[in-house]
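Here, each number is a calculation from the coordinates, and none is a lab measurement. Please read these numbers as outputs of a predicted model, since none were measured by experiment. Every residue, glycine as well, gets a Cβ built from its backbone with ideal geometry; the counts of neighbours run over all protein chains shown.
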Amino acid sequence: MILELGAGYGYVAGNVANQSREVIAVEPAQKKVQHMHNTYPRLDCILAVGEAIPFRDSSFQKCYAKKSLHHMTDVDQAMGELNRIIKPTGYLFVNELKPGGRWKIIDWIERKIRNVHVNFLTPDALKQRLEKVGFSVTSREDKASGYYLVAKKSI
């Protein structure tokens, strides 16, 4: 099984669900969960926050968070939850925006206009937090708009 944390409107998970029933989307916004239910009837979507993922320990072989971790109120708690639900030797895939640069305006809009919590982390800061809760980062790729990390759960 695969879990997408912070699925938004479900574009990625919904397309995966059209090919396989092996994906579950977790999203904290009711409006977005309802959109996923209406748009992707094959997709299992759950209303929940990343800091309290409602699944048993070691439920997933893979989890991914695509541009969603910066919305977590407590990133360390969310990292701990991901570690808890991922099976031993399972993987976490993260795509995040780099702090600063051209994303400063998005940070400002999210905080000041939309009143939404954001906390952009550098790749090194996220790597440290992942390692703190029991992941080992196996690869990192930097792009102009952000970065990708792949982390394996340490046994």
Stretch residue 56-residue 19 to full length: gain in nm at 0.36 nm per residue minus the Cα-Cα span?
10.8 nm
Sorted by mean Cβ packing within 10 Å, highest first, what order do the peptides 22-31, 39-48 take?
22-31, 39-48
For residue 132 and residue 76, extending 7 Å from Cα along the Cα-Cβ vector and measuring point to point gives, in nm, a value of 0.4 nm
Going fewest to most other Cβ atoms within 10 Å around each Cβ, 71, 37 line up as 37, 71
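According to the Kirkwood expression over distinct Cα-Cα pairs, how big is the hydrodynamic radius of the stretch 1-105, in Å?
Values: mean 1/r = 0.0720 Å⁻¹.
Hydrodynamic radius (Kirkwood, Cα only) of the stretch 1-105 equals 13.9 Å.
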DSSP bridge pairs, the stretch 2-153: antiparallel proportion in percent, nearest 5:
45 percent
Under 26 Å Cα-Cα from residue 98, which lysines qualify once same-chain neighbours fewer than 8 residues away are excluded?
32, 62, 66, 67, 112, 127, 132, 143, 152, 153
Give, rounded to the nearest 20 debye, the magnitude of the charge dipole that the stretch 30-77 has about its Cα centre when Lys and Arg contribute +1 at Cβ and Asp and Glu contribute -1 at Cβ.
340 debye
